[in-house]
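The values are calculated or read from the model by the stated rules, or taken from the named source; none is laboratory data. Keep in mind it's a predicted model, so treat the numbers as computed, not measured. Please note: Cβ atoms are built from the backbone with ideal geometry, for glycine as well, and neighbour counts cover all protein chains shown.
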């Protein structure tokens with residue numbers, strides 16, 4: 001599983017939080033975060049893998065629904081899952097059209113750095129729900 005995000009994390013507190021949740025995630029799955037330049041999303045979309053863009057136009061899930069989605073993707077399909085977070089301008093129509101799925105973190109607009117932190121926390125939460133661990137309340 002990969003998180004492919006446009007831009008670098010600049011805020012230290014966000015970088016620290018993202019690093020913490022990625023460390024936690026690696027106890028459940030192989031996970032990698034890749035930082036890319038604006039305009040290069042299509043180059044990182046692999047048609048052999050399941051590509052999800054985090055986009056305000058996307059489907060919304062509760063934490064439990066997201067956990068079910070992750071569990072089903074892992075158990076039902078051998079394709080790797082790539083999640084993409086765009087930069088300040090979001091995604092182009094071509095990028096959206098090339099994705100397998102659009103997923104929204106919130107109806108509110110989030111700064112892309114904060115979106116990255118929220119996403120890795122929710123992914124970690126999904127795995128704790130799947131494993132019926134105490135983290136999720």
Filtering the range 8-31 down to residues that are surrounded by 13 or more Cβ atoms within 10 Å (Cβ to Cβ), farther than 18 Å from residue 125 by Cβ and at pLDDT 95 or above yields 15
Condition met for residue 41 (crowded, with 17+ Cβ neighbours inside 10 Å and within 13 Å of residue 1 (Cβ to Cβ)) | no
Quick one: which residue in 131, 79, 73, 116 is under 22 Å from residue 10 (Cα atoms) and touching a residue at least 12 places away in the same chain (Cβ under 8 Å)?
-> 116
Filtering the range 82-113 for residues that are in a strand (DSSP E or B) and within 25 Å of residue 8 (Cβ to Cβ) leaves a count of 8
Counted residues in the range 50-64 being surrounded by fewer than 16 Cβ atoms within 10 Å (Cβ to Cβ) and not in a strand (DSSP E or B) come to 4
Give the range 7-19 a look and list any residue that's outside any loop (DSSP other than H, G, I, E, B) and under 13 Å from residue 119 (Cβ atoms), or say none.
-> 14, 17, 18
For the range 20-38, does any single residue satisfy the condition of being part of a helix (DSSP H, G or I), out of contact with any helix residue (DSSP H, G or I) (no Cβ under 7 Å at 6 or more places or on another chain) and closer than 28 Å to residue 133 by Cα?
-> yes
